[in-house]
Amino acid sequence: MKIGFFGGTFAPAHNGHVNMLLSAIRQLNLDKVIVMPNGIPPHKYCAMDKADRFNVAKLAFDGIEKVEVSDYELNKDGASYSYQTLEHLSTLYPDDDLFFIMGGDSLRDFPLWVKPERIAQLATLVVATRDGSVDKDSLSAVRKAFGARVVFLDFQPIAVSSTDVRTRYRLGMDNGGNVPEKVNEYVLAKGIFKDFADKVEKLRTLLEEKRFAHTVSVVYAGIDFAKRNGVAEEDAFLGCLLHDCGKNIPQEDWGKYGFSNSEGLLPPIVHCALGVEVAKKEFSVTDQRILDAIRFHTTAKPGMSQLEKLVFVADKAEKNRKYDVTRYYNTALVDLNKAFEYVLYDMYLIAVGKYGIERVDKMTLSALKYYKLI
Ligand code: ATP
């Protein structure tokens, strides 16, 4: 028999997963596919509990002939490594051929997994890339280093990820086209990903429509950058969500927040300091890391944390900006520090051109010196 193994976090399972699974069954003539939600993903933060991930996997793949959803890894203690699961499957199916179904990002990271050579020995890798392209570099790396057998799926990919789905739910947006109907119903009925719902609704009342749309775009960018730069998804979400929460507060309301601009901040910077007070009072934020990300998202400062850099860059690199953000955005996906320096320096040049050097915020000048950009 030809047996497929499809492991994933499935937080939650989405139409991209269903699509690739169906394509794998068709293209490889698989007799059976074992879908297995990860236990404690060794390389991944997880935002949904085990029982819910198991249930949504069952709902997503329900009714697809030949598919069985297994709770084997969920019930194991400790980290679950794919090579161990494949060893387990090969003892259950000693005379059968195993096919490990994975996305292109998994193929790229494959050399970093535990015992990749053992995985390559036990199963043929079946790779589905999100944009349908063949990643020749990753392919030759895993073939050469581990003697892996690799097959690419010839299919029409659906550009969706669990991360996007989570963000949309958290922002109160519709996910109908992204997840199977039963998964959508389950998530909504159980109120999963409602952790920021109150804050999102409150923010809508404090921001003008255009500013709220910018904020949503900053959240998307920040979540994208968080994934590859070791920033927790929830921190990125909250920092980006609230970065401009002080922006549309009229001056006559400053007193309500105990704010008087006693530091004499320049007009474009006022909302950052005011935003800290708004975040505390209206959003009950006490986490200093988030408050600092709000405070320095326009000026920057010496010694920025990764979260602060992320909010700073996401604000300037969000895709609705009128200028071309490609360089900033693409750099931030792989190297947030570099992107931060690009953005900081370019913003400095713009500020000097617009206001003259004497009106560039002191904190920005200190940051530029600290990062040896001037
Ligand atoms: P997250 O966004 O949380 O990282 P994910 O959407 O990648 O999640 P996983 O549960 O980690 O979902 O996915 C399991 C496997 O499916 C991974 O190997 C991943 O690369 C792959 N995959 C997920 N979505 C797609 C897609 N739309 N097209 C192709 N492969 C995908």
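The values are calculated or read from the model by the stated rules, or taken from the named source; none is laboratory data. Note that the structure is a prediction, hence the values are computed from the model and not measured. Here the Cβ positions follow ideal geometry from the backbone for every residue, glycine too, while neighbour counts run over all protein chains shown. Accessible surface areas use protein heavy atoms only, side chains included; no ligands, DNA or RNA. Shrake-Rupley method; radii C 1.70, N 1.55, O 1.52, S 1.80 Å.
Under a GNM of the chain (C-alpha, springs under 10 Å), which listed residue has the highest mean-square fluctuation: GLN84, GLN156, GLN251? Judging by the Gaussian network model, the answer is GLN251. When the chain is treated as a Gaussian network with alpha carbon springs shorter than 10 Å, the biggest mean-square fluctuation among ARG170, ARG359, ARG321 belongs to ARG359. Largest mean-square fluctuation among PHE296, PHE283, PHE193, in a Gaussian network model of the chain whose springs join Cα atoms under 10 Å apart, belongs to PHE283. When the chymotrypsin sites (Phe, Trp or Tyr not before Pro) in region 1-92 are filtered for DSSP coil states and for at most 14 other beta-carbon atoms within 10 Å of their beta-carbon, the remaining sites are TYR45. Sorted from greatest to least, the principal axis extents spanned by the alpha carbons of region 1-156 come out as 39, 33, 33 Å.
From the C-alpha coordinates alone, can you work out the Kirkwood hydrodynamic radius of region 296-374, in Å?
On the way: mean 1/r = 0.0797 Å⁻¹.
Value: 12.5 Å, from the Cα pair sum.
Would you work out which of VAL142, TYR186, PHE152 lies farthest towards the positive end of the dipole of region 136-201? Charges go on Cβ: Lys and Arg +1, Asp and Glu -1. The one lying farthest along the dipole's positive direction is VAL142. Computed over the Cα atoms of region 264-324, the ratio of the radius of gyration to the Kirkwood radius (Rg/Rh) comes to 0.99. Across region 218-374, Cα-Cα pairs farther apart than 26 Å form 23% of the total. Normalised Debye scattering of region 236-299 at q = 0.24 Å⁻¹ gives log10 I(q)/I(0) of -0.98, counting only Cα atoms as equal scatterers and leaving out solvent.
Under the rule of -39500 (n - 2.57) per DSSP H run of 4 or more residues, summed and divided by the residues of the chain, what mean residue ellipticity at 222 nm is obtained, to the nearest 500 deg cm²/dmol?
Numbers: 17 runs with 196 residues, N = 374.
Result for the chain, helices only: -16000 deg cm²/dmol.
Decide, for region 62-122, between rounded, prolate and oblate: order the square roots of the alpha carbon gyration tensor eigenvalues as a ≥ b ≥ c, take rounded if a/c falls under 1.5, and otherwise choose prolate if a/b is larger than b/c, else oblate. Rounded, because the longest to shortest axis ratio a/c is under 1.5. Relative contact order for the chain: what percent, with Cα pairs under 8 Å and sequence separation of 6 or more? So the answer I get is 13 percent.
Within the accessible area of region 232-315, the carbon and sulfur atoms contribute 48%, probe 1.4 Å, all protein chains present. In region 171-242 the Cα-Cα distances spread across 10 Å bins starting at 0 as 18, 42, 36, 3 percent of all pairs.
Counting residues in the chain as N, plug N into 2.2 N^0.38 Å and put the Cα Rg over that result.
On the way: Rg = 23.6 Å, N = 374, 2.2 N^0.38 = 20.9 Å.
Ratio of Cα Rg to 2.2 N^0.38 Å: 1.13.
Each Lys and Arg Cβ is given +1 and each Asp and Glu Cβ -1; about its Cα centre, the chain then shows a dipole of about 820 debye. Roughly speaking, what % of Cα-Cα pairs in region 1-82 are separated by over 19 Å, rounded to a whole number? Pairs farther apart than 19 Å: 33 percent. Normalised by residue count, region 104-222 yields a Cα convex hull volume of 157 Å³ per residue. Compactness ratio for region 148-197: Cα radius of gyration over 2.2 N^0.38 Å (N = residue count) comes to 1.47. Remark: for residue pairs LYS76/LYS190; LYS319/LYS354; LYS210/LYS281; LYS280/LYS354; LYS136/LYS182; LYS2/LYS190, the C-alpha separation exceeds 31 Å in LYS280/LYS354; LYS136/LYS182; LYS2/LYS190.
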